[in-house]
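Asks: Handing you this structure, nothing more for now.
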Amino acid sequence: HINKSDDDIEDIKDYIDKGYVEILNPSNYNLLNSSPDIVVYVKPYDTIPKEFYINEIEKYVDYCIQIPYGLSPVSDEEIYRYHYQLPLHEKAWMNILYCQEDYELACKYSKTKGKNFVLTGNPRMDLINEDYTNNKFFKEILKKANGRKIFFYNPHHTISDDFKWGTFKLYALDILKYFKNHNDIFLIYRPHPLLNEAIKREYKNDENFKKVYNELLKSENILYDDTSDYLVAMKVSNYLISDANSFVPEFTFYNKPVIYTPYPNSDKIDDKKLRSILYIAKDFETIKKYIEDLSRDEDTLKDKRTKMIKKYFCYDEKETVAKKIVNKIKKEFE
């Protein structure tokens, strides 16, 4: 991606820390010699070595599964292409979906009309049961928050007005200033991993912006999170402030309030069920009002959200999503 500046070393270290025994560079892996029965993809894009494109993989492997890395709440023609119409979607044995609306879109927009799309829920839903109480960063956040309500701010990586996705230019400084001036609440600021490079390009000659922005990030009640695992911040925080992205449904699944900040006149979330349980901000004044309301525990959507979560997401508390997928594989092979 044009905004990607870091390498994979930190991600690989994180996987190793989580217990993965062996991680191979693609140059050290021979597909034909290894002869796997199943290949699992987490992203459908062609941002991988060409020898691992689905067109190459299918020459040797009959069973390819796509388990999307994120939950997409976005209704947009471009997103439909990324989520239902790429070669992987057409050729995969199974494409995993997380909710009924996701399945209906797949039936409508995919070339297979949903025949190889499976409604099991997404394994990310299993992560709400992860215990982070002994996690070093989790404990660090709680110590700094010191009993204050924790907000989690997650701006999208697009800054240019051409894209009409991210609202960083519209709200970021105001949101950061608000938290700097209100020590009774605490903010975890975790911008999209690609945002930093976008900021460097957009504001390369704006010394005043850089000075103000960097000073705000030093505020006592703002924690800048650039760790490799966003789940810690998601688990520890009480509320989310976010542009249109996969964090919106994922955070909602924890049954915690979301302040959604759509780009004006270009709202990317068209899902009426999901929208009905979001606090939708039309400007900074609305964002401020929702922050203040939620800080006082005035969560007017709580009951509706609790009921809707059970209807909206494909999730069974008796069986993990991962187990469902494994059972489908085992049944097919038996």
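The values are calculated or read from the model by the stated rules, or taken from the named source; none is laboratory data. Note that the coordinates shown come from a computational prediction; the quantities given were computed from them, not determined experimentally. Because the Cβ atoms are built from the backbone with ideal geometry, glycine has one as well, and the counts that use them run over all protein chains shown. Note: areas computed on protein heavy atoms with side chains; ligands, DNA, RNA excluded. Shrake-Rupley method; radii C 1.70, N 1.55, O 1.52, S 1.80 Å.
Asks: Which one of these is at pLDDT below 95, acidic (Asp, Glu), under 18 Å from Ser246 (Cβ atoms) and open to solvent by 80 Å² or more (accessible area, probe 1.4 Å): Glu51, Glu78?
Replies: Details: Glu51 fails: under 18 Å from Ser246 (Cβ atoms).
Criteria check complete, one pass: Glu78.
Asks: A further question follows. So if I check each of Lys324, Lys288, which one is more than 18 Å from Leu240 (Cβ to Cβ), in a helix (DSSP H, G or I) and either touching a residue at least 24 places away in the same chain (Cβ under 8 Å) or among the acidic types (Asp, Glu) (or both)?
Replies: Values: Lys288 fails: more than 18 Å from Leu240 (Cβ to Cβ).
After applying the criteria, what remains is Lys324.
Asks: Tell me which strands (runs of 3 or more DSSP E) are completely within segment 102-203 and hold 2 or more residues being open to solvent by less than 20 Å² (accessible area, probe 1.4 Å), or say none if there are none.
Replies: Details: elements: 117-119, 149-154, 185-189.
Strands (runs of 3 or more DSSP E) meeting the threshold: 149-154, 185-189.
Asks: Can you confirm whether segment 84-95 contains a residue that is in a strand (DSSP E or B) and either surrounded by fewer than 14 Cβ atoms within 10 Å (Cβ to Cβ) or touching a helix residue (DSSP H, G or I) at 6+ places or on another chain (Cβ under 9 Å) (or both)? Give the steps one after another, and end with the answer.
Replies: Step one: list which residues in segment 84-95 are in a strand (DSSP E or B), which gives 94-95.
Then drop every residue that is not either surrounded by fewer than 14 Cβ atoms within 10 Å (Cβ to Cβ) or touching a helix residue (DSSP H, G or I) at 6+ places or on another chain (Cβ under 9 Å) (or both), which leaves 94-95.
Yes, segment 84-95 has at least one match.
Asks: Here's something else I'd like to know. Please identify the pairs in which a residue from segment 136-155 that is without any contact (Cβ under 8 Å) to a residue 40 or more places away in the chain and charged (D, E, K, R) has its Cβ atom under 8 Å from the Cβ atom of a residue that is open to solvent by 10 Å² or more (accessible area, probe 1.4 Å) and not in a helix (DSSP H, G or I), counting only partners at least 6 apart or on another chain.
Replies: Lys139/Thr133
Asks: So which of Thr300, Thr286 ends up being open to solvent by 70 Å² or more (accessible area, probe 1.4 Å), modelled with pLDDT of 95 or more and more than 28 Å from Phe137 (Cα to Cα)?
Replies: Working: Thr286 fails: open to solvent by 70 Å² or more (accessible area, probe 1.4 Å).
Result of the check over Thr300, Thr286: Thr300.
Asks: Condition check: assigned to a helix (DSSP H, G or I) and either at pLDDT below 95 or open to solvent by less than 30 Å² (accessible area, probe 1.4 Å) (or both). Does Pro249 satisfy that? Spell out the reasoning first.
Replies: On the way: assigned to a helix (DSSP H, G or I): yes; either at pLDDT below 95 or open to solvent by less than 30 Å² (accessible area, probe 1.4 Å) (or both): yes.
When the stated conditions are applied, Pro249 passes them.
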